[in-house]
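Worksheet for the structure shown next.
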Amino acid sequence: MSQKPSVPKGTRDFLPVEMAGRNHIFDTIRNVFDLYGYVPIETPAMENLSSLLGKYGEEGDKLLFRILNSGDFMGKLPEKTKSSGNSSILANMICDRGLRYDLTVPFARFVVQHRSKLTFPFKRYQIQPVWRADRPQKGRYREFHQCDVDVIGSDSLLNEVELARIIDDVFVRLGVKVVIKLNNRKVLTGIAGMIGQQDKLTAITVAIDKLEKIGLDGVCLEMAEKGISPEAIDKLKPLIVMTGSNSEKLEKLAALFDIEGPGREGTREMKEVLDMLSLLEIKNRVEFDVALARGLNYYTGTIFEVKSADVEIGSICGGGRYDDLTGVFGQEGLSGVGISFGADRIYDVMMQTGGFPSAVSASTRLMFVNFGKKEAAACLLLLEKLCKSGISAELYPDSVKLKKQMQYANNLNIPFVAMIGEQELKDGTVTLKDMKTGAQQTIPQEELAAKLE
RNA sequence: GUGGUCGUAGCUCAGCAGGUUAGAGCGUCAGAUUGUGGCUCUGAAGGUCGCCGGUUCGAAUCCGGUCUUCCACCCCA
């Protein structure tokens, strides 16, 4: 026996039945993106490591898959480096490329590189796999697909509104109930300033983000560990557990901030977005959540996060506004806002809520039984006609036992089977069997297509 | 990356205070039924018990390592 076949940790094969569901998700998302006027692009699976490193924080750098250089890279290295045993220094010297970690940073690179060919504001979408060297868990894979929509080169909050509409539209079409959570990074900045801890913004946001998971006491404990003063924590407490409607929460919060400053600006922006959304028919719940922080530290304005209302699996869509993402690639002052749908998690949610329409898995509508050379030739002519008129059909390739051919049709859920044997060949007829009811009738061959309409 | 957990037939799982030929259900294949699938009945095939090493007269069973799965932390889609 040869070795057991397997795929790398955290990666998966997809069977035809799984692909049916996955394609349904991708098609739905793509249709919505098209409908809202976004255009598709693609970028390579691998990027130069210099484009990727330092964009996702220290943690993100660790999760990058690096690609070993080709050729005799070791021979060129100084002895000192080789013998030092420091694998991270070594890795930087022998790896120039890495697999993309998300689609946003490659997009920023793309925009700067091709800016002369783009019309701004540029609205693009991108549906491709990304890779993270994370330890796999439920709903967490090392290879997964992101479906990104971004608009770059516009400060307008109308873009935020459009993205919220896209989120709602996609999940309504997929039949997934969700909660759309919104916040604004400036609100968080304002809060940190108000309690006199601007410098601890990251620690505060990371802690606050865990509210749902570890509770208020847990959040306070974590902040204390990160060196935030007890007085500051006491000030913060009532803010993060604030209740009421979106506008009530916003008003309460706005009153605490100075007239000028990031806090006020954040609440103003948030109010504008929510006011516009309230004029529209958004089917899913939209919630302003001060405790929503999100890790990626390039967000500067609105933050989005979408969670399934039925399944506990983390966020299935997320994103936000970044004022200067292209700055690191040499182009200042381009503001962008975008979101990313996690197709793999959406699939997991839909599997758990039993949510794929059965039509999604249907493929062939009619199978011709193969009784031998002459009979098959007659089928071939009919088959050609059917396919040309858009009816998906196939001819069983081998002239084997009828039982075997019927079983094939049955296993593949093919709804109709057509038989042209000795008798039918002589009469110019075909016997059509409905696999669901088991009923069958013999009809002239010309009538076959019409019977299947 | 830290801590834990799982791995026996294609699938779901039993077996295990270490002891002859490792079991079941489902699936597969063959036949009952040589132009009729699903239902029924009969029979068969299929396992170096994840992999490597150790303890032992003897290991699926105990120990160590490794890979994989799932979980918590970290972080995230």
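The values are calculated or read from the model by the stated rules, or taken from the named source; none is laboratory data. The structure displayed is predicted, hence computed values, not measured ones. Cβ placement follows ideal geometry from the backbone for every residue including glycine, while neighbour counts extend to all protein chains displayed. Calculation scope for accessible area: heavy atoms of the full protein, side chains included, ligands and nucleic acids excluded. Shrake-Rupley method; radii C 1.70, N 1.55, O 1.52, S 1.80 Å.
Taking amide hydrogens as placed 1.01 Å from N in the peptide plane, the amide H of A:Leu395 sits under 5 Å from those of A:Phe368, each at least 5 positions away in sequence or on another chain. Helix A:402-411 axis versus longest C-alpha principal axis of chain A: approximately 20°, rounded to the nearest ten. Any chance you could give the angle, 0 to 90 degrees and rounded to 10, that helix A:211-225 forms with the longest Cα principal axis of chain A? That helix lies at roughly 30 degrees to the long axis. As a length-normalised measure over Cα pairs under 8 Å and 6 or more apart, the relative contact order of the stretch A:363-452 settles at 30 percent.
Using R0 = 60 Å, the C-beta based FRET efficiency linking A:Asp199 and A:Val7 works out to 0.85. Pairwise alpha-carbon distances in the stretch A:363-452 exceed 15 Å for 53% of all pairs. Rg/Rh, computed from the Cα trace of the stretch A:261-382 with Rh as the Kirkwood radius, has the value 1.28.
Can you give the FRET efficiency for A:Asp258 and A:Asn297, using 1/(1 + (r/R0)^6), R0 = 25 Å, r = Cβ-Cβ distance, to the nearest 0.05? Can you show the working numbers first?
On the way: r = 24 Å, r/R0 = 0.96.
The calculated FRET efficiency here is 0.55.
Can you pull the one-decimal nm distance between simple spin-label points at A:Thr364 and A:Asp134, each 7 Å off the Cα toward Cβ? Between A:Thr364 and A:Asp134, the simple spin-label model gives 4.0 nm.
Given a Förster distance of 51 Å, report the FRET efficiency between A:Lys210 and A:Lys117 from their Cβ-Cβ distance, rounded to the nearest 0.05. E(calc), rounded to 0.05, equals 0.75. Could you work out what % of the accessible surface of chain A is carbon and sulfur, using a 1.4 angstrom probe and leaving DNA, RNA and ligands out of the count? Summing carbon and sulfur atoms, their accessible area is 52 percent of the total for chain A. Amide H contacts of A:Arg97 (H built 1.01 Å from N, in plane; Pro and chain starts excluded): A:Leu49, A:Ile67 sit under 5 Å, all sequence-distant by 5 or more or on other chains. Once the Cα-Cα distance is subtracted from the 0.36 nm per residue extended length, the A:Ser88 to A:Leu35 segment shows a gain of 14.5 nm. Remark: the stretch A:363-452 carries 59 Å² of accessible area per residue (probe radius 1.4 Å; ligands, DNA and RNA excluded). Of the trypsin sites (Lys or Arg not before Pro) found in the stretch A:411-452, the ones in coil according to DSSP and having at most 14 other Cβ atoms within 10 Å of their Cβ are A:Lys436.
Applying 0.36 nm per residue to the separation of A:Lys62 and A:Glu384 and subtracting their alpha-carbon distance, the gain on full extension is 110.4 nm.
With +1 on the Cβ of every Lys and Arg and -1 on the Cβ of every Asp and Glu, and nothing else charged, how large is the dipole of chain A about its Cα centre, in debye rounded to the nearest 20? If you can, show how the numbers build up before the last one.
On the way: 58 positive and 60 negative charges, 265 e Å.
Dipole size: approximately 1280 debye.
With 20 Å bins beginning at zero, the pair-distance distribution over Cα atoms of chain A amounts to 20, 42, 26, 11, 1 %.
Subtract the Cα-Cα distance of A:Gln423 and A:Lys403 from 0.36 nm times their separation in residues, and report this length gain in nm to one decimal. Working shown, then result.
Details: separation 20, 0.36 × 20 = 7.20 nm, distance 1.88 nm.
5.3 nm is the gain from fully extending A:Gln423 to A:Lys403.
Dipole check for the stretch A:231-316: with +1 at the C-beta of Lys and Arg, -1 at the C-beta of Asp and Glu, and the Cα centre as origin, the magnitude is about 100 Debye.
Across chain A, C-alpha contacts under 8 Å between residues 6 or more apart give a mean separation that, scaled by the residue count, equals a relative contact order of 15 percent. What the phi angles of the stretch A:329-346 give under the Karplus curve with 6.51, -1.76 and 1.60, with θ = phi - 60°, is a coupling list of 9, x, 10, 7, x, 9, 8, x, 9, x, 9, 9, 8, x, 4, 5, 6, 4 Hz, glycine and proline written as x.
Solvent exposure of A:Ser116, expressed as accessible area, is near 100 Å², computed with a probe of 1.4 Å over the protein chains only.
Using only Cα atoms, find the angle between the long axis of helix A:262-278 and the longest principal axis of chain A, and express it within 0 to 90 degrees, rounded to the nearest 10. Taking Cα atoms only, the helix is inclined about 30 degrees. Scanning residues 5 or more positions from A:Val430 or on other chains, those with amide H under 5 Å from its amide H are A:Ile443, A:Gln445, with H placed 1.01 Å from N in the peptide plane. Here A:Cys220 sits with roughly 20 square angstrom of accessible surface, probe radius 1.4 Å.
Peptides A:281-290, A:372-381: what's the order by average Cβ count within 10 Å, highest mean first? Kindly include the intermediate steps, with their values, before the conclusion.
Details: A:281-290: 16.5, A:372-381: 14.6.
Result, highest mean first: A:281-290, A:372-381.
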